[in-house]
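**Student:** The structure under discussion is supplied below as structure tokens; questions concerning it will follow.
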Amino acid sequence: MKANQYNSNEVLIEALKEGDEKAYIYLVDTFHHNLCVYANSLLKNIYSAEDIVQSVFIKTWEQRASLKPEYSIKSFLYKLVYNEFIDGYRKKQTLFPLEKEYFKTLNTVVLEDDAESFQKILDIVNKEIQTLPPKCKEVFILSKKEGLTNLEIAEHLDVSIKTVEAQITKAFSILRNSLEEKIKNFLFLIFGRKKIRFH
């Protein structure tokens, strides 16, 4: 079978399910670059992005028997990249409630063309973090970005643990109020009438 005959989604998936190595090579050649660009937009690290994409192709081959011809292989690949990114993020650090909120939301809407939208939402979140009151922002960033425990933050800033907890709680409250409508409105503009809910 010639490579251009794999252009059909159904034909490509059926060939993969049958263990056609040429179909697999076509899959990698067709999607590798764009998947790396997408992964890099999430990770901001091209080497890690390439590792994720390689892992995604390996998993696709290993799971080829479960592929469904009626579903887009392109969407499947981008979804796997996104899931690998989230899994890696969770392994590196414990997600804060606010992060769980928008990652859960993003997970309901992420599609193959959403890399730019994803980054814009992260930019919105980071911009709002920068508007927090100075002490509140300092504590929040030490906790969120530096991964310090409340005790470590308290010792570093020479304040009580209760003060640290209060500042983090305050940060969550401010960010939840300021972000909820902004992100919901942003997603509505992108995805039209699709309902986005914050639970």
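The values are calculated or read from the model by the stated rules, or taken from the named source; none is laboratory data. This is a predicted model, so every value here is computed, not measured. Here the Cβ positions follow ideal geometry from the backbone for every residue, glycine too, while neighbour counts run over all protein chains shown. Just the protein is used for accessible areas: all its heavy atoms, side chains included, with ligands, DNA and RNA removed. Shrake-Rupley method; radii C 1.70, N 1.55, O 1.52, S 1.80 Å.
Okay, residues lined up against (1) at pLDDT 90 or above; (2) surrounded by fewer than 15 Cβ atoms within 10 Å (Cβ to Cβ):
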position: 31; (1), (2): yes, no
position: 87; (1), (2): no, yes
position: 90; (1), (2): no, yes
position: 96; (1), (2): no, no
position: 101; (1), (2): no, no
position: 104; (1), (2): no, yes
position: 109; (1), (2): no, no
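**Student:** Would a scan of segment 147-155 turn up a residue that is touching a residue at least 24 places away in the same chain (Cβ under 8 Å) and either loosely packed, with under 15 Cβ neighbours inside 10 Å or acidic (Asp, Glu) (or both)?
**Tutor:** yes
**Student:** Show the residue pairs meeting these rules: Cβ distance below 6 Å; 6+ apart or different chains; first residue within segment 170-181 and farther than 14 Å from residue 127 by Cα and of a type in the set (D, E, K, R); second residue assigned to a helix (DSSP H, G or I) and modelled with pLDDT of 75 or more.
**Tutor:** What qualifies is 170/136.
**Student:** If residue 158 passes every condition in (1) touching a helix residue (DSSP H, G or I) at 6+ places or on another chain (Cβ under 8 Å); (2) at pLDDT 80 or above; (3) farther than 17 Å from residue 123 by Cα but one, which one does it miss?
**Tutor:** Going through the list (1) touching a helix residue (DSSP H, G or I) at 6+ places or on another chain (Cβ under 8 Å); (2) at pLDDT 80 or above; (3) farther than 17 Å from residue 123 by Cα, residue 158 breaks only (1).
**Student:** Got a sec? Which of 169, 163 is modelled with pLDDT of 80 or more, open to solvent by 50 Å² or more (accessible area, probe 1.4 Å) and polar (S, T, N, Q)?
**Tutor:** Being modelled with pLDDT of 80 or more, open to solvent by 50 Å² or more (accessible area, probe 1.4 Å) and polar (S, T, N, Q) holds for just one of 169, 163, which is 163.
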